[in-house]
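Written out below as structure tokens is the structure these notes cover.
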Amino acid sequence: MQLQSGTQIENSSTSALWPLEPIDLKRSKFPCCLVWTPLPVVSWLAPYIGHIGICREDGSVLDFSGSNLVSVDDFAYGAVARYLPLDRTKCCFPTNMATHTCMIPYKHAENGAALSWDDALNTSTRQFHHKYYNLFTCNCHSFVARCLNQLAYDGSVNWNVVNLGALILWKGRWVDKMSVTRSFFPFLLVVCIGIFMAGWPFLVGMAIFSALLLGWFIFGIYCVKGLIC
């Protein structure tokens, strides 16, 4: 998914960003990445749905895993299966980049401009320490979307559950082959058992479930302002 960038950064300004440690799959360190893992039961029926988090510059994972709780390096529902590195030069840090020009200054000011990557994540974490978790209205995707809006990532402050899910779905990288198996084997097993026990109508039921789930989030984001955070 490509979003038109509203952030212009001169090449010289990239020197203001200190270098990151490389991604370490063995130690599960993913500096400045989005991370994803399948959810029990839900991902068995809809494998494109999962639990998502965002990582600090040191690679620590932050995820909204329960009411008033943002976990640090305790990724809920298992090890990271997919990850997506993000480019810090696509973030809006106007206070420490003299050559930076923000194309959406008023909208960004409403969210509160971040001083750094970790500053944006810490601000969003404090906000979600006062929110109740709900799969349908305020979930892990809501937290990560808030972080990206705080960063004005890729020149946008309109990140939400839908476009964030599409981003990790289409651009996310698999950690290893076992992660692929762990993500899709339960779904295939459920499909096989369902067809064996109920026949092809089972697939129709799963398709309806997926349509209702996607429809809810699309309706809640784009049709009813404030319904989904």
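The values are calculated or read from the model by the stated rules, or taken from the named source; none is laboratory data. For clarity, every value in this text was computed on a predicted model and none was experimentally measured. For neighbour counting, all protein chains shown are included, and Cβ atoms are generated from backbone atoms with ideal geometry for every residue, glycine included. The area values use the complete protein model at the heavy-atom level, side chains included, leaving out ligands, DNA and RNA. Shrake-Rupley method; radii C 1.70, N 1.55, O 1.52, S 1.80 Å.
Quick notes on this one:
Table: residues versus (1) more than 22 Å from residue 59 (Cβ to Cβ); (2) open to solvent by 60 Å² or more (accessible area, probe 1.4 Å).
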residue	(1), (2)
119	no, no
132	yes, yes
172	no, no
180	yes, no
184	yes, yes
204	yes, yes
208	yes, yes
212	yes, yes
222	yes, yes
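- Filtered by the rule that a residue be out of contact with any helix residue (DSSP H, G or I) (no Cβ under 7 Å at 6 or more places or on another chain) and part of a loop (DSSP other than H, G, I, E, B), the range 140-159 gives 156, 158.
- The sole residue among 142, 156 that is under 21 Å from residue 227 (Cβ atoms), open to solvent by less than 30 Å² (accessible area, probe 1.4 Å), polar (S, T, N, Q) and modelled with pLDDT of 95 or more is 142.
- Filter result (within 15 Å of residue 182 (Cβ to Cβ), open to solvent by 10 Å² or more (accessible area, probe 1.4 Å) and aliphatic (A, V, I, L, M)) within the range 17-70: 25, 39, 41, 42, 49
- With respect to being touching a Leu at 6+ places or on another chain (Cβ under 7 Å), basic (Lys, Arg) and either under 18 Å from residue 143 (Cβ atoms) or modelled with pLDDT under 95 (or both), residue 82 falls outside the description.
- Residue count for the range 71-87 satisfying the condition of being open to solvent by 20 Å² or more (accessible area, probe 1.4 Å) and under 19 Å from residue 126 (Cβ atoms): 3.
- Comparison of 188, 227, 151 shows that the only residue that is within 15 Å of the chain's Cα centre (by Cα) and either open to solvent by 70 Å² or more (accessible area, probe 1.4 Å) or not hydroxyl-bearing (Ser, Thr, Tyr) (or both) is 151.
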